[in-house]
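Every number in this text was worked out from the coordinates using simple rules, so none of it is lab data. Note that the structure is predicted; figures quoted are calculated from it, not measured. We place every Cβ from the backbone using ideal geometry, glycine too, and count neighbours over all the protein chains shown.
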Amino acid sequence: MAGFEFSDRPLDTAALRASLEDRASGGYASFEGWVRDHNDGRAVERLEYEAYAELAIKEGERIIGEAVRRFGVRRARCAHRVGPLALGELAVWVGVSSAHRGEAFAACRYIIDEVKHRVPIWKKEHYADGDSGWVNCERCAAALDDAGHAHGHGANPAGAAHPAGLPQPDYSRQVVLPEVGQAGQARLRAAKVLVVGAGGLGVPVLTYLAGAGIGTLGVVDADLLEPSNLHRQILYALADVGRPKALLAAERLRALNPEVDVRAYVERADAASLQVLADGYDVLVDCSDNFTTRFAVNDAAVRLGKPAVLASVYQYEGQLQVVRPGGPCLRCVWPDATRDGLVGNCAEAGVLGPVPGVLGSLQALEVLKLVLAVATPAEHGVVLVDLGTLEMRHIKARRAPQCAGRSCARLPPAVAVDREELELPATALASAVADGFTVIDVRDARERAERPAPCPHRHIPLDRLVDDPRQLDASGRYLVLCARGQRSSAAAEALRRAGIRGAWSLRGGLAAVGADLAPA
Amino acid sequence: MSTIEVQYYAVLREQAGLSQERVVTAAATAAALYEELRARHGLTLGPAQLRVAIDGEFADWQAPLADGAKVVFIPPVAGG
């Protein structure tokens, strides 16, 4: 079954849907894109789609594969029309089947967003006034729009689909530094950085990282732009008010540097979403305005063994901390969950615009140092920045004595993607193992010989485990696995009933664990 | 009695109305010093919500204070 395909005939949604049917799936989510009768204030009568098929199919397949791996869904598929289409016709279809609805919705959304951004498809709109115009794929359109063309997609003449008229990005001013050079520039291009928050701190972080040629930039922010943001969030304009900041930032960053793969996530980052999202990135940057998110970013980084750059501001001051695997983390500095509401954020306490500008610039600098492997004292504690007195003070922190290896003894239990459920997604296996879960394999001897569990584990046959759950320590954390996730789910349920609250089942079993996801 | 250089950050600086001061005190620990200053300046945050650093390093509240120590009281900061 093709994951991504083009069709010059109407799409058969019943057949497409049927191809995703699957006994292990408990839900199915679908998106349909239709031809509408207007675009940018102009009446549209019909349109044509054209694709660079060879490249487009490859990119489309890649997106489907990413969605399956990232969200742990069972099956996913996308079909796109090419050729002439009438109003109301189905232009693009996405379908996902999955054990649980949350991942199905998320993967469906991911696929359509990424297809719109990344797959080279062009649309020629025929307007009611007899005029027509090519509308390029969103990514190129954003670059062109923001490069000073009249706003509106129809303004780009036929054939100008790619930003061919733009000069190439030029990194010479940083490449000349001995710490960068061509090798360093290649490291920057290969780096994937996830920025949580596209506000006062996030704007300078994102802008400098895009300018530096960081290869992949993720930006997570659920907020819509407000006029009160603009004194410090200088990537945006008054005319943008009301639009999602993640999308606005992505648009501006693509215009700034079309070489950067910018991925926008219009969602609130929390412990559960970060657990999944952070997996695809090398460095996490916290630019949020609250402790709950800051701890969630810290915890995701510690669990996944990735570095994180944290900062926050208050009026004329800021704090900066670089968390490295095995070093002191946010919980070493603030051991008891620090509560929001205790101290003010920008909205309550007030802040001058350049203050987050300075702290965000420091964060961008620390990310570049991390990627370029330049030593920094910020990884051994907290840097207090007082912009009233222009003083910087470095406070050394030590790891909490209970912490060992790369983990942190103060981490809260890993969050299940769906709290109501007993399951962890297959993608969480490696992090659960790293996080100290005891993996219990309940399969029989033949199954185990055919496919050994890909990580250290205990073998307890299902019946023995269910008969006597007390053989396990009630305060332990256990991840039960089997071939397809059904027996392990029953086992986890029995363990929970027996009072073992830290019992989980690996969703979809070993069948859902791809070779590339297996822990080393 | 010992002389301590005290520095305040964020909401503490605001409430104390100054960013640093030299304090002559009988307090033997960071906790005792903070209670003394908390009463003097009407600071609202309790020590459980703060961190203290002595001579450039995060320290325990029960850490002893030497004459001439530089003490920084650091509240958590949230804005972004």
- List the pair-distance distribution P(r) of segment A:164-314, using every Cα-Cα distance, as the percent of pairs falling in each 10 Å bin from 0 up to the bin containing the longest distance, rounded to whole percents. 12, 40, 35, 13, 1
- Item | Built amide H within the under 5 Å cut-off of residue A:438, gap 5+ | A:477, A:478, A:479
- Which whole-percent values make up P(r) of segment A:157-248 when all C-alpha to C-alpha distances are grouped in 10 Å steps starting at zero? 15, 34, 32, 18, 1
- Directionally averaged shadow of chain B, computed from the convex hull of its alpha-carbon atoms, nm²: 4.9 nm²
- Note on the structure: Restricting to Cα pairs under 8 Å and 6 or more apart, the percent relative contact order of segment A:423-515 works out to 35 percent
- Karplus-derived 3J(HN,Hα), 6.51/-1.76/1.60, for each residue of segment A:103-120, Hz, glycine and proline x: 5, 5, 4, 5, 5, 4, 4, 4, 4, 5, 4, 5, 4, 4, 7, 10, 8, x
- Can you pull the three principal axis extents for the Cα set of the protein assembly as shown, in Å, largest first? 90, 69, 44
- Computed over chain B, the relative contact order (Cα-Cα under 8 Å, seq sep at least six) in percent reads 41 percent
- residue A:397: net charge of surrounding residues, Cβ under 14 Å, Lys/Arg +1, Asp/Glu -1, itself excluded? +4
- Query: Relative to a virtual label point 7 Å from the Cα of residue A:53 in the Cα→beta-carbon direction, which members of segment A:1-18 show backbone nitrogen distances below 13 Å?
  - Reply: A:5-9
- Computed over segment A:240-297, Kirkwood Rh from alpha-carbon pairs, angstrom: 12.8 Å
- segment A:438-520: mean projected area of Cα convex hull, nm²: 5.0 nm²
- Mark the label point 7 Å from the Cα of residue A:168 along Cα→Cβ and return the residues of segment A:257-275 whose backbone N is within less than 17 Å of it. A:257-260
- Task: Report the calculated FRET efficiency for residue A:234 and residue A:446 (r = Cβ-Cβ distance, R0 = 56 Å), to the nearest 0.05.
- Result: 0.30
- With θ set to phi - 60° and the Karplus curve 6.51 cos²θ - 1.76 cosθ + 1.60, what are the ³J(HN,Hα) couplings of segment A:69-76 in order, to the nearest whole Hz, using x for Gly and Pro? 5, 5, 9, x, 7, 7, 9, 8
